Amino acid sequence: MIEPTCIPTLERIESRLRSQPDQHLEFLAHRELIERILELAARKRVLILGHNYMAPLVYNLSGERERGDSLALSRRAAQSDAPIILFDGVLFMAETAKILNPEKKVLIADPTAGCSLTEPFTAEDIREYRGLYPGSPVVTYINSSAEIKAESDYICTSANAARVIRHAAAEHRTRRVIFFPDSLMGANLQQELVRSGSDIELEYPGRRDRRFGRCEVHEQFTARHLREIRLQHRLPRGGPDSAVMVHWECPPEVLAEADFHGSTSDMARAVREHPEWKRIYLATECEMAANLASEFPEVEFIRSCSFFCRHMRKITLEKIAASLEQEVFEVTVPEPVRHRARLAIDRMLAIP
Ligand code: SF4
């Protein structure tokens, strides 16, 4: 049986959203639809996974352990005996869940929910890089297609990228590591490696060529925007009761303006570990702040919702209900691709 705690009750969802009046109103307007989704999920024994960037009503369809970042969610799915997984996130995330859970039916409410990081590249790009830098291992960010993962030696997340890169260089006895596909994150990681005294050289799209991999949301943040936010909302650099937090996928000059940078799970952990922070700005997809606001009602999260992911927004309550009812859209990954992509993920998981 699917663990009863996995599917939240209608009352539990309402109590989480009550502290945020706008979210609570949205809940009341969609109450019947939410109830139908919960009933379908319980009847069909569906594990609903919700990424941090989902809109609050969608995010809260998932239980506490079923909300988070893409890898943690895919690993969570592997612990469940639910026969069906519905991944509320974008396609590469649902593919990752399928790679780790081949025996389960994995659904996504809208298969056109893509990602600007995954779309410009194919496996051929990786093969070309391998040809240019023979003997260099390929470390690929989890925000990539199954096909790209299958061509890689290791997968990494934004939470463990530097560790995986160091491990890959040591294991292959080389100073050069190919990093795919995020150009801005590649530049940020290179700076981090230099700061820590490492002599590893990263080769990433855009460093020596005209390719460019970027998150279309995070690339929009600028250092000037952060300075204005600091002034407007009393968020002084290093202030005792506030913080400006930035995602790894932002440009390097934006990271330089931040009090903290990291992955979405790093940010959530930092908020938990710093109860003294009473005002927080997150330079990331704006729904992340909305979701943290219902978890930490005592903290003021400054939101700028011009920074949103159009792909994530394709996952709506209406499409979720249709997906559960008709058991569409099923995510498939050809077995040879799945097998090789799984090896790259397993190599990452084996790193201590
Ligand atoms: S927020 Fe950026 S990295 Fe995440 S799915 Fe959207 S485009 Fe891709």
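Work through the residues other than Gly50 whose Cβ is under 9 Å from its Cβ and net out their charges, Lys, Arg +1 and Asp, Glu -1. Summing Lys and Arg as +1 and Asp and Glu as -1 gives -1. Over the chain, Cα pairs under 8 Å with separation of 6+ residues give a relative contact order of 20 percent. Less than 12 Å Cβ to Cβ from Phe27, Lys/Arg counted +1 and Asp/Glu -1: what total charge do the surrounding residues give? Summing Lys and Arg as +1 and Asp and Glu as -1 gives -2. In the stretch 136-176, the convex hull through the Cα atoms has an average projected area of 2.6 nm², a quarter of its surface area. Note on Arg130 and His30: the model spin-label points, each 7 Å out from Cα along the C-beta direction, lie 4.3 nm apart. The Cα trace of the stretch 123-213 gives Rg and Dmax of 11.7, 34 Å, the first to one decimal, the second as a whole number. For Tyr141, the residues whose amide H sits under 5 Å from its own are Cys156, Phe180, Asp182, ignoring neighbours fewer than 5 places away on the same chain, with H placed 1.01 Å from N. Distance between the C-alpha centres of the stretch 242-276 and the stretch 6-64: 27 Å, rounded to the whole angstrom. Beyond 12 Å, what percent of the Cα pairs of the stretch 2-55 remain? Of all Cα-Cα pairs in the stretch 2-55, 69 percent lie more than 12 Å apart. For Arg176, the amide hydrogen comes within under 5 Å of the amide hydrogens of Glu201, counting only partners 5 or more places away or on other chains and with H modelled in the peptide plane.
Could you sort out which of Lys44/Lys149; Lys44/Lys105; Lys44/Lys104; Lys105/Lys319; Lys98/Lys149; Lys278/Lys314 sit more than 20 Å apart by Cα distance in this structure?
Going by Cα-Cα distance, Lys44/Lys149; Lys278/Lys314 fall outside the 20 Å limit.
Beta-bridge orientation, the chain: approximately 5 percent antiparallel, per DSSP, counting only bridges with both partners inside.
Given the stretch 210-345, what whole percent of its Cα pairs are spread farther than 18 Å? For the stretch 210-345, the fraction of Cα-Cα distances above 18 Å is 63 percent. Selection among Val333, Phe121, Ser323 by position relative to the dipole of the chain gives Phe121 as farthest towards the positive end (Cβ unit charges, Cα centre). Panel note: the C-alpha atoms of the chain, placed on their principal axes, show extents of 57, 52, 34 Å (largest first).
Modelled spin-label separation between Glu298 and Arg175, with each label point placed 7 Å from Cα along the Cα-to-Cβ direction: 5.0 nm. Taking the Cα centre of the chain as reference, the dipole from Cβ charges on Lys and Arg (+1) and Asp and Glu (-1) amounts to some 560 debye.
Here, each number is a calculation from the coordinates, and none is a lab measurement. If you're wondering where the values come from, they're calculated on a predicted model, not measured in any experiment. Glycine gets a Cβ as well: all are built from the backbone with ideal geometry, and neighbour counts include every protein chain shown.
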